[in-house]
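A.B. asks: Structure below; questions to follow.
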Amino acid sequence: MAEGILGLGSSGSGGLNQELIDKLKAAEAKGKVDIYDTKLEDWDKELEKIDAINLKINELLTAVDKFDLYRSSANAFEQVTASSTGTSAVFDAIDIAGLNPGTTNVTVSQLAQKDVFQSSTFSNANTTMTVGQNDGDKLSVQIGTGDKFDFLTKDKTYQELADEINAKEGLTASIEEVGTDTYRLVIKSTESGLDNALTITQTDSSDEDLADNLGYSDSANHTLTAQNLNAKIDGVDYDVSSNTIKIQGNLTMTAVEIGDSSISIQEDNSSILPSIKDITDKYNELVVMVDEELYSADSPISDTGTLKLIMGSIKDSLFGSYGVNGDLNMFNYGMSVDKSGLIVIDDEQLGKALTNNPDDLKEIFIGVAERPGIGTYLKEYLDDLDGYDGLMTKYGENMTNKKSELEEEKKVAQETLDEKYSQMALQFASYTAMITQMETAFGGMKMMIDQSTASG
């Protein structure tokens, strides 16, 4: 005799529980939801690889920048060294590009200086001045033959007068403590030289000189007299207001004391060969990194076409022909490519080329406006990769979109799965109630059968 039909008589309703639903849901999730976790993990791996490749591209960009024709500072072929003698002048150059090799001699016979006046002494800067207190009394300061400024002095403190003077362009005024409770109002020209000499007078409303003035008319209070720089630079006489002179291109000379000085500038080609090797090293590292992804079955890279296009353009830049006549390339001067596609340098041959044909190397690596060289052309291309509509920019945008799509697809798949098994849970609950009712009824029937069998 059977124990039950569809579980009847065997507590079959107990098998329709949440544990069974969870097992069924987990099994189906492996094929419909978890697959997106794997795809997102692959996306993370691809991003890591692309970031590493992009970093290597930027390292190559940094290397070729030294050979950019339009570089804001000196390129590899414009490097110079400088040495100086004497202490009368110091030399500086914001950019060494354009400096001419040779020696510049400087003789300083007089330094430029500002005009400086001090007032008579007073004991408190913040009390009203004891002089110039009549209506119309004023202090006048003229800069060279130019601007003249008038300052009324009645009811003014020394500090207020100093503040008014200091607010005027070309003038500097300050209260200086020159002793215990002893102060002076010091007025200076902002710039040095005879063109900035000061004329200071103190008058009343009728333009008559005051007897009780602030002391600026006392010659002893004219502490520093404006004068020009007098110097001879390579035999040329200078009589100028500033101690700093631009003497060639970006080179400036600042006189600091009377005497003789010189600066010698020489071409410096020592960085050219290491800089060329830096380009080839960074290129070789990039080739190895990209080839590993292009020819590996396990690579997470999805868009190998973009990488091939980028590498093709970089190779075209490096291996192309340059020079005004288009008849020069790096293979003429000690460089070659091995069977792996890596650049190999013959140091001895390249060194001879730098000694015997420096202009040819310059045309190859830097070029001219009419025909840019490797560095100029390649820098522009590599810059554009990360620019608007650049290949690496587009690659990044596509990856971002791909991740968003995967996350949205996973969300939809999860929601669909959740809805399915939510409905299944409701159905199981309904089936359980029905089976329980049937089991109860079957239990009563079985009892009657058992009793009938026993009495028979």
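A.B. asks: List, please: which pairs have Cβ atoms under 6 Å, are six or more places apart or on different chains, and start with a residue in the range 196-213 that is within 12 Å of Ala226 (Cβ to Cβ) and end with one that is surrounded by 12 or more Cβ atoms within 10 Å (Cβ to Cβ) and among the polar types (S, T, N, Q)?
C.D. replies: Asn196/Ser189; Leu198/Ser189; Thr199/Gln142
A.B. asks: Tell me which residues, restricted to the range 223-241, are more than 23 Å from Thr103 (Cβ to Cβ) and surrounded by fewer than 16 Cβ atoms within 10 Å (Cβ to Cβ).
C.D. replies: Within the range 223-241, Thr223, Leu224, Thr225, Asp239 qualify.
A.B. asks: Within the bounds of the range 52-70, is there any residue that is at negative phi, basic (Lys, Arg), part of a loop (DSSP other than H, G, I, E, B) and not assigned by TED's automatic domain parsing to the domain that holds Tyr216?
C.D. replies: Yes, the range 52-70 contains a residue that is at negative phi, basic (Lys, Arg), part of a loop (DSSP other than H, G, I, E, B) and not assigned by TED's automatic domain parsing to the domain that holds Tyr216.
A.B. asks: Which residues, counting only those in the range 93-142, are over 30 Å from Lys66 (Cα atoms), small (Gly, Ala, Ser) and either in a strand (DSSP E or B) or without any contact (Cβ under 8 Å) to a residue 24 or more places away in the chain (or both)?
C.D. replies: Ser109, Ser140
A.B. asks: Sticking with this structure for a sec: Check Ser404 against each of (1) part of a helix (DSSP H, G or I); (2) of a type in the set (Gly, Ala, Ser); (3) surrounded by 13 or more Cβ atoms within 10 Å (Cβ to Cβ) and name the one condition it does not meet.
C.D. replies: It is condition (3) that Ser404 fails.
A.B. asks: Which fully enclosed helices (runs of 4 or more DSSP H) of the range 298-391 have 1 or more residues being surrounded by 17 or more Cβ atoms within 10 Å (Cβ to Cβ), more than 29 Å from the chain's Cα centre (by Cα) and free of Cβ contacts under 8 Å to residues at least 40 places away in the same chain?
C.D. replies: Filter on the range 298-391 gives 347-356, 358-365.
A.B. asks: Would you check if Asn269 is closer than 29 Å to Gly98 by Cα, touching a helix residue (DSSP H, G or I) at 6+ places or on another chain (Cβ under 9 Å) and either part of a strand (DSSP E or B) or not hydroxyl-bearing (Ser, Thr, Tyr) (or both)?
C.D. replies: yes
A.B. asks: Please verify whether the range 278-286 includes one or more residues that are surrounded by 16 or more Cβ atoms within 10 Å (Cβ to Cβ) and part of a strand (DSSP E or B).
C.D. replies: Scanning the range 278-286 turns up no residue that is surrounded by 16 or more Cβ atoms within 10 Å (Cβ to Cβ) and part of a strand (DSSP E or B).
Let's see how each residue does on (1) among the aromatic types (Phe, Trp, Tyr); (2) at pLDDT 95 or above; (3) within 21 Å of Ser88 (Cα to Cα):
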| site | (1), (2), (3) |
| --- | --- |
| Tyr183 | yes, yes, no |
| Ala211 | no, no, no |
| Leu214 | no, no, no |
| Thr223 | no, yes, no |
| Val240 | no, yes, yes |
| Thr254 | no, yes, yes |
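The values are calculated or read from the model by the stated rules, or taken from the named source; none is laboratory data. Predicted model only: the values in this text are computed from it and were never measured. As a convention, Cβ positions derive from the backbone with ideal geometry for all residues, glycine included, and neighbour counts pool all protein chains shown.
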